[in-house]
Amino acid sequence: MALDTPHVSAEVFKEGMSRLAGAVNIVTTDGPAGRAGLTATAVCSVSADPPTLLVCVNTTGSAADAFAANEAVCINTIGADHQALAMLFGGKTPMDERFDDLNWRTAVSGAPVLKESVVSFDCTVASRVVSGTHEVLFCEVIEITQAPEAGALVYFDRRFHTLPSGA
């Protein structure tokens, strides 16, 4: 049960969220609604049994229709070398151009996997929940590929930062 108190404003919320560091991910899909991808930091572990991640997709974004209709999702966590890719997938670039000239393969689910990612979680969508402006996808992991020597790219204070690998 929610308390009967007012929310903070969207501006205050966004400012607070700028101080919450997050891994940078290129989230991709393919299926009946076509191939699409977006940049997201709203990715989180849900459960180890079954292995499940959640990803939040803005319902007004250019990739929303594809994610709403497709069941295949791949969460590609990227490293420092992919900052330009994060900007490309997070901007207004046409969907087909986002996948040009890059090192992609098709995952077991059918979603595009970035071969050079730090870690990729190939998933199928188990359930969906709409909350406010976003659809939350609960994605069951069916395959993981990783590059243990790769460092991560994080977003904090409205800027990209890199973290070295511990390997």
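The values are calculated or read from the model by the stated rules, or taken from the named source; none is laboratory data. None of these values were measured; they are calculated from a predicted model. Because the Cβ atoms are built from the backbone with ideal geometry, glycine has one as well, and the counts that use them run over all protein chains shown. The protein model used for the area step is the full one, side chains on, heavy atoms only, and it has no ligands, DNA or RNA in it. Shrake-Rupley method; radii C 1.70, N 1.55, O 1.52, S 1.80 Å.
In a reduced charge model with +1 at each Lys and Arg Cβ and -1 at each Asp and Glu Cβ, the range 1-128 shows a dipole moment near 80 debye about its Cα centre.
Shown for the chain: cysteine residues without a partner Cβ closer than 4.7 Å, namely Cys44, Cys56, Cys74. Placing His7, His134, His82 in order of accessible area, with the largest value first and a 1.4 Å probe, yields His7, His134, His82.
Quick check of the Kirkwood formula: for the chain, what is the inverse mean of 1/r over all pairs of different Cα atoms, in Å? List each step's numbers first, then the result.
Values: mean 1/r = 0.0609 Å⁻¹.
The answer is 16.4 Å.
For the range 39-142, carbon and sulfur atoms together expose 52% of the accessible surface, with a 1.4 angstrom probe and every protein chain in place.
The mean accessible area for residues of the chain, using a 1.4 Å probe and ignoring ligands and nucleic acids, is 57 Å² per residue.
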